[in-house]
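Since the structure comes first, as structure tokens, the remarks are kept for the end.
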């Protein structure tokens, strides 16, 4: 298939900054290999695998199609959704499971066939970003004067949706105006315990914050879409919150990125990643 345009980090951050400044709606949704797996299972009716995903993510089996349809709507309306094309065009490092450890054949299949999966899922959106854009946004680029995400969030009114009760404390040096909405962890039935309550809050509060940072699993993509639908701004930050809390990088990134010595909320490139800077 023909390669698609992948918007770089600077472009995305400039658009986000403009939307915050002018109070325009914004959303960035990352499906990743987990989202691709869910979509592929729904499209092909892989019930056993869906049961496993639903148990982990707290999605009732009778709500599968409701979640799928909301993904269709909100992925199509997002300012940006991710494309795994980057792992196969020599402009980004390969997707690995860990240092010198390859991903499974199933994951490789999903990432290579992302475009067909999006098409068959009726995602009507051609504004693509790197799947690792959440981490890439928080890098301090020494080769450019451009701002990173943390610069843009400085002193902004922020709401974080995640499983961590104390995540706001980690960001107090960034901004004193931080609220949190906590959801349960994987395998703790998020839909039953949190979904309706979170959606109710977002319908009322989406315009009361400069930005929402969302790390809430598969259901989090619905929160992100709803925030934009209500006129707010939401960014899918995913596992970046784990790094902020634990001070550890995801295994798949440890070969390429490291937590900054000067700021624990920022990351920096390792030497083997520097050749990709001009494309990111």
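For this structure, a couple of remarks:
- Cα gyration tensor shape for segment 204-270, rounded if a/c is under 1.5, else prolate or oblate: prolate
- Overall form of segment 111-168 per C-alpha gyration tensor (a/c, 1.5; a/b vs b/c): oblate
- Here 276, 269, 261, 74 are placed in order of increasing Cβ neighbour count within 10 Å, fewest first, which gives 261, 276, 269, 74.
- Residues 97, 278, ranked from the fewest to the most other C-beta atoms within 10 Å, line up as 278, 97.
- Descending Cα extents along the principal axes, segment 5-142, whole Å: 46, 40, 25
- Considering only the chain, percent of DSSP beta bridges that pair antiparallel, nearest 5: 20 percent
- Report summary: the helix-based calculation at 222 nm, which adds -39500 (n - 2.57) for every DSSP H run with n ≥ 4 and divides by the residues of the chain, gives -11000 deg cm²/dmol.
- Average 1/r across all pairs of distinct alpha carbons in segment 80-152, invert it, and you get the Kirkwood radius: 14.2 Å.
- Between residue 24 and residue 270, the contour length at 0.36 nm per residue exceeds the alpha carbon distance by 85.0 nm.
- Computed from the alpha carbon positions, the gyration tensor of segment 10-274 leads to an equivalent ellipsoid with semi-axes of 26, 24, 18 Å, biggest first.
- Least to most buried among 59, 29 (fewest other Cβ within 10 Å first): 59, 29
- Cα gyration tensor, segment 150-280 - rounded (a/c under 1.5), prolate or oblate: prolate
Each value in this text was obtained by applying a stated rule to the coordinates, not by laboratory testing. This one's a predicted model, so the numbers in the text were calculated from it and none came from an experiment. For neighbour counting, all protein chains shown are included, and Cβ atoms are generated from backbone atoms with ideal geometry for every residue, glycine included.
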